[in-house]
């Protein structure tokens, strides 16, 4: 069998504190997406969490790829939508 690894409580507390700090900066960015200090702080916290081996998930408020749609004159448009849901084509039928 393998060795049983115990969780270092000090390390676990550090990771929890960093995750709380990350949530705070993400909330700041949701209220003001152009805040440069919050962007820089979030980047540093994510970097530190990666060094601790924590998987960083993308912010769910960013737009996801929704595929392509054909618009007027055959021009192609990118569908974007937030998490979940579906894409609705409001461009109308070809005449």
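No value in this document is a laboratory result; all are computed from the given coordinates. The structure presented is a predicted model; accordingly, all values stated were derived computationally and were not measured. Glycine gets a Cβ as well: all are built from the backbone with ideal geometry, and neighbour counts include every protein chain shown.
Note down the relative contact order for segment 8-57 as a percent, whole number, built from C-alpha pairs under 8 angstrom at least six residues apart. Can you show the working numbers first?
Values: 24 pairs, mean separation 17.0, N = 50.
Result for segment 8-57 is 34 percent.
What does the extension gain come out to for residue 32 and residue 46, with contour length at 0.36 nm per residue minus their alpha carbon separation? Kindly include the intermediate steps, with their values, before the conclusion.
Values: separation 14, 0.36 × 14 = 5.04 nm, distance 1.89 nm.
Gain in length upon complete extension: 3.1 nm.
Placing a label point 7 Å from the Cα of residue 8 along the Cα-to-Cβ direction, the residues of segment 16-51 whose backbone N falls under 16 Å of that point are 16-18, 48-51.
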